[in-house]
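Before any comments, here is the structure.
The values are calculated or read from the model by the stated rules, or taken from the named source; none is laboratory data. Because the structure is a prediction, the values reported are computed rather than measured. Here the Cβ positions follow ideal geometry from the backbone for every residue, glycine too, while neighbour counts run over all protein chains shown. Accessible surface areas use protein heavy atoms only, side chains included; no ligands, DNA or RNA. Shrake-Rupley method; radii C 1.70, N 1.55, O 1.52, S 1.80 Å.
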Amino acid sequence: MAPRYAPSLRAPLPLSILLLQMGFAALFALYARLAEPEVTADNHFTNTYAGFQDVNVMLFLGFGLLATCFVRYAFSSLAFVLLLGSCSVQWAILANGFLYHFHDGKIWISLRSLAEAQLCAISCLIAMGSVLGKTNPVQLLLMALLEVTGFIANTWILHTFLKAEVMYSSALLHIFASFFGVIMSWTLVQKQPELQHEKEKLDRKTALFSMMGVLFLWMFWPSFLFGLVAPSLPACKMAAIYSTYLSMAASAISAFTISMVMSPRGKINMAHIQGAMLAGGVAMTFVISVNHMPWVAITTGMCAGLLSTMGLLYLKPHLELTFGCHDTCGVLSVHGLPGILGWAAYLFVQVSHAPDTAWSQSMFCICSLLITLSTSAVAGGLTGFLLKWTIWRPPQDRKRFEDQAFWKFEHLAMEQ
């Protein structure tokens, strides 16, 4: 007979968090220092901080509310986003600092380094969507450390061996995070063929909160891509705002249309809207550096919305039924497929603008994509293998997607 209660985390979780935070504190004390702010006429502190805060809202409020879609797992989803985001940002500052901001024996922290850390944290939260509800906080903390490390390692490989620009290597975060999460989920939990867990359900209240998270992400996504563009390219930064806004508007319309057309009764599926509304912004992560034509942004957004909705309709259940790969939030359809579409659009625009360098551009893009897919698959598989160890006290199948395994509810008669 299966245990009635989930394994207790009273000892391992506080101990893990305490050791992790003490390690961070020691490293920051030894190596980290605050850099002098760079304030110029073209780069005011208030403008830089406004962009940083916009991404911060996306990171915690947007992704946090987006994850609250499940009926009996909303508490855990929202709180674990805060836990992983806080952990990922600190670890990313240190890891990026040793690689790129280490001078005179110290890591110099600036708003730019904080923005880079936010990028790594967003990558971690995307990957978390594949195993949401099937892991405990201790496993998620380990996953956060390994995912951020893998993403930074992939960026370093592209920068060192392919001489890729920071903006291009950062744009691969959606592809890396989605494939990392899917491979991790497949390694961690290889389920018997079934469409969904019995508690993996949505209701009107949780879907409403989740949709609010989507709206926050949708509104602040242009600021996110605006921050990816180097400050030395002001024209490209403004073009990133215009293109991202148009692309996301087109993907939202596409999502509504395809969801209704593909429904046997002509109804709109809220899960499709929540995922595919963001597809245009995901695809434009690549294209913002080379596109200055509105029609390209709109076309890319329409195709991204179509591809994401079709992926949620057919790819997600097919992966589960055929391979036993359970992608909880459909991150492969929401981030992976639109990311690859954006990569293809980037290659097309680059080749059309400079046909003389078509061969070299094609080889560069193909090699960078293959390296990213290989790194994410290896890192995700290794992470899934480590998370399977019983020392982390993983939840039983009947306690997955269950807030009661981790939280105290006063209104319940049963003592927790």
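Values computed for the structure shown
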{"read-out": "Tabulated pairs, segment 45-71, first closer than 12 Å to Ala121 by Cβ and open to solvent by 20 Å² or more (accessible area, probe 1.4 Å), second among the polar types (S, T, N, Q) and at pLDDT 90 or above, C-beta under 8 angstrom, 6+ apart or interchain", "value": "Asn56/Gln118"}
{"read-out": "Leading residue by the ranking (modelled with the highest pLDDT) among those in segment 106-145 that are among the basic types (Lys, Arg) and not in a helix (DSSP H, G or I)", "value": "Lys106"}
{"read-out": "Some residue of segment 380-402 being touching a residue at least 40 places away in the same chain (Cβ under 8 Å), open to solvent by 30 Å² or more (accessible area, probe 1.4 Å) and closer than 30 Å to Pro294 by Cβ", "value": "no"}
{"read-out": "Near pairs, Cβ below 8 angstrom, 6+ apart or cross-chain, from segment 258-269 (within 22 Å of Gly301 (Cβ to Cβ)) to any residue that is open to solvent by 70 Å² or more (accessible area, probe 1.4 Å) and assigned to a helix (DSSP H, G or I)", "value": "Ile258/Leu306; Ile268/Phe256; Ile268/Met260"}
{"read-out": "Neighbours by Cβ (under 9 Å, 6+ apart or cross-chain): first from segment 212-224, in contact (Cβ under 8 Å) with a residue 12 or more places away in the chain; second open to solvent by 50 Å² or more (accessible area, probe 1.4 Å) and aromatic (Phe, Trp, Tyr)", "value": "Trp221/Tyr245; Pro222/Tyr242; Pro222/Tyr245"}
{"read-out": "Residue satisfying condition, being exposed (fewer than 10 other Cβ atoms within 10 Å of the Cβ) and at pLDDT 90 or above, within set Ala2, Ala11, Ala29, Ala25", "value": "Ala29"}
{"read-out": "Residue tally, condition at pLDDT below 70 and among the acidic types (Asp, Glu), over segment 32-50", "value": "2"}
{"read-out": "Selection count where residues are touching a Ser or Thr at 6+ places or on another chain (Cβ under 6 Å), more than 27 Å from Thr155 (Cα to Cα) and not in a helix (DSSP H, G or I), scope segment 72-105", "value": "0"}
{"read-out": "Residue within segment 338-346 that is aliphatic (A, V, I, L, M), under 26 Å from Gln139 (Cβ atoms) and open to solvent by 40 Å² or more (accessible area, probe 1.4 Å) present", "value": "no"}
{"read-out": "Selected residue (criterion: most open to solvent (accessible area, probe 1.4 Å)) from residues of segment 347-359 that are assigned to a helix (DSSP H, G or I) and of a type in the set (Gly, Ala, Ser)", "value": "Ser352"}
{"read-out": "Flag if Ser333 is among the polar types (S, T, N, Q), closer than 15 Å to Met184 by Cβ and either part of a loop (DSSP other than H, G, I, E, B) or open to solvent by less than 20 Å² (accessible area, probe 1.4 Å) (or both)", "value": "no"}
{"read-out": "Contacts under 7 angstrom Cβ, first residue in segment 24-37 being in contact (Cβ under 8 Å) with a residue 12 or more places away in the chain and within 16 Å of Leu114 (Cα to Cα), partner open to solvent by 70 Å² or more (accessible area, probe 1.4 Å) and part of a helix (DSSP H, G or I), 6 or more apart", "value": "Pro37/Phe45"}
